[in-house]
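I have placed the structure first, in the form of C-alpha cells, so that the comments after it can refer back to it.
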Amino acid sequence: MSQPFSPDPLSGFSGFILATILSCSIWACPAHAQVAAKPAESAAPVPLAPAPPVSPQLQPDGTVIFQLAMPNAAKVELHLEGTKDPVPMTKSADGTWSVTVPGLAPQYYSYSFKVDGTDVLDPHNVTLKPSFFSVQNVFLVPGHPPMAWEPANVPHGVVHHHYYRSNIVGINSEYYVYTPPNFESKKKYPVLYLLHGYSDDPSAWTSMGKANVILDNLIAQGKARPMIVVMPLGYGTMDMITRGWTAWRDPELVIRNFTRFSDALLQEVMPLVKQQYPISDKSQEHAIAGLSMGGAESLLVGLNHTSDFAYVGAFSAGGLGQGNYDPSFPGITAQSGAEIKGKLRVLWIACGTEDGLFPANQKFITWLKEKGLEPTTIQTPGMHAWMVWRENLTNFASLLFQLR
C-alpha cells in the first residue's frame, strides 16, 4: 500500500540553493557578488611617458631658450652657429642647464652642447646637420614675412641623388641634381654647378643651405630663371678627410685635391649629367659657385675654363693662399684680362667681414683687378657660416642667365 506524499523540508531548501546557482550561471549576479575586473594593460612597446620637452624654445621676438638635463655635469656650454665664442649655460636645482639667447635674425642655425669638454647633441631635437667630422642640431627662426630659404606654398622642384664610380678620385662617388618645378625633359635648361665646403658632403647645399627651397621661391616670384643645379662631392682625394684639418698644412695635398676635383668635375660629372638631363650647350648658360673650399674650386674651375662658364661665384673662398696666384691661374695675365672679362657675365666674390678668410679674399680681389678684371665684391657682416652663404646664393642666383 503506497504511503501518502509528505515533502521533506531539507529537500526543498536544497532545491532552492541549486536553482539559485543555476540562475547565477545564466544571468548576471548582483554587482556585489562579482570579482572586480583587472584593468587592461597598455599595448605600447615602451612604458607610457609624458611628451618630451620642446627644444629649443623659440619666442616670437627671435629669443631662443636652450635647455639640457645633465645633473652630474660640472660645465655646459652652448656652441651656436654665427656666435664667435661658446655661450655658458647655468644649472638649476633640478640639474637642468639653460641659457637664453635674445633676438636671433631669421635664419637656420646649427648648434651643439659641450658637456665637460665633450660635444653632445640635443636629445629633443631630431633635425640634424651632418658632416664628415661632426653632427649638430638645427632649428629655424622664421622671418615675417618668410625668408627666401623658408619653405613656402609654391611649386616645388625635385632633388635627385646619383651614384657613380670616379676613376679619377678612385672612389664610389655621388652627386645631387635639382630640377625646377614643371620640369620638361625636352627643354634645354641652364645649369649651376654648386659646390660644398670642407668637411661637408654633397647633401650640404640642400640639407643645410636650402638651395632647392631658395630656387623654388625665386622661380615662383619670377626672380630667377628655371635652372638645373648640380651638387657633386667636392674632393679630389679623400686624404683631405682622413687627415682632418691638418691636411691644409700640406701644400702638395691641397693642390692634388683641387686638381683632381677639377678633372673629375669636367671629365666625369659634367658628361654624366649631360647624358641624364637636358642641359644647354651654351657657355652663357653655365654657372659655377661654391662656399669655402668649394668657393676656391669654383674660382679655379671657372676662371681657368671661361669658355665653359660665364658665371663664377665664390662665397668665403678658402684654400687659395694669400700670396702668388699666378701658378693657379696661368691664363689670367695683364694682357688676357680684358678678353676674360668679356667672357664673364658675373664674377661674384663675397665674404663675411668677421670671417677669418676675409683678408685672403681681399688680396685675391686686388690681384684680379691688377689683371684687368672687375669682380662684383660683396662684404657683409657675418662669420664663416651658413647664414652668409644662403644670402649669397639667393642674390647670386637672381643674376644668373638673365637675358641681356
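The values are calculated or read from the model by the stated rules, or taken from the named source; none is laboratory data. All figures in this text were calculated on a predicted structure; none of them were measured in a lab. Glycine also receives a Cβ, built like all others from the backbone with ideal geometry; neighbour counts cover every protein chain displayed. Remember, those area values only see protein heavy atoms, side chains included, never the ligands or the DNA or RNA. Shrake-Rupley method; radii C 1.70, N 1.55, O 1.52, S 1.80 Å.
Numbers below:
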read-out	value
Failed item, numbered, when Leu265 is tested on (1) more than 24 Å from Asp326 (Cβ to Cβ); (2) among the hydrophobic types (A, V, I, L, M, F, W, C); (3) in contact (Cβ under 8 Å) with a residue 60 or more places away in the chain	(1)
Residues located in the stretch 217-250, provided they are of a type in the set (Phe, Trp, Tyr) and part of a strand (DSSP E or B)	none
Candidates Pro278, Pro226, Pro232, filtered to the one that is more than 25 Å from Ile340 (Cβ to Cβ) and either of a type in the set (D, E, K, R) or in contact with a helix residue (DSSP H, G or I) (Cβ under 7 Å, 6 or more places away or on another chain) (or both)	Pro226
Neighbours by Cβ (under 7 Å, 6+ apart or cross-chain): first from the stretch 44-56, in a loop (DSSP other than H, G, I, E, B); second at pLDDT below 75 and hydroxyl-bearing (Ser, Thr, Tyr)	Leu48/Ser42
Answer from Pro375, Pro327 - the residue that is free of Cβ contacts under 8 Å to residues at least 24 places away in the same chain and either out of contact with any Lys or Arg (no Cβ under 6 Å at 6 or more places or on another chain) or at positive phi (or both)	Pro327
One residue from Tyr198, Tyr193 being over 25 Å from Tyr109 (Cβ atoms) and out of contact with any Asp or Glu (no Cβ under 9 Å at 6 or more places or on another chain)	Tyr193
Boolean, Leu140 is of a type in the set (A, V, I, L, M), within 15 Å of the chain's Cα centre (by Cα) and in a strand (DSSP E or B)	yes
Answer from Glu391, Glu374 - the residue that is open to solvent by 70 Å² or more (accessible area, probe 1.4 Å) and touching a Gly at 6+ places or on another chain (Cβ under 9 Å)	Glu391
Odd one out for Thr118 among (1) among the hydroxyl-bearing types (Ser, Thr, Tyr); (2) surrounded by 13 or more Cβ atoms within 10 Å (Cβ to Cβ); (3) modelled with pLDDT of 95 or more	(2)
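Quick grid of which residues meet (1) surrounded by 19 or more Cβ atoms within 10 Å (Cβ to Cβ); (2) out of contact with any Cys (no Cβ under 9 Å at 6 or more places or on another chain); (3) part of a strand (DSSP E or B):
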residue: Ser134; (1), (2), (3): no, yes, no
residue: His162; (1), (2), (3): no, yes, yes
residue: Arg165; (1), (2), (3): no, yes, yes
residue: Tyr175; (1), (2), (3): yes, yes, yes
residue: Asn182; (1), (2), (3): no, yes, no
residue: Lys186; (1), (2), (3): no, yes, no
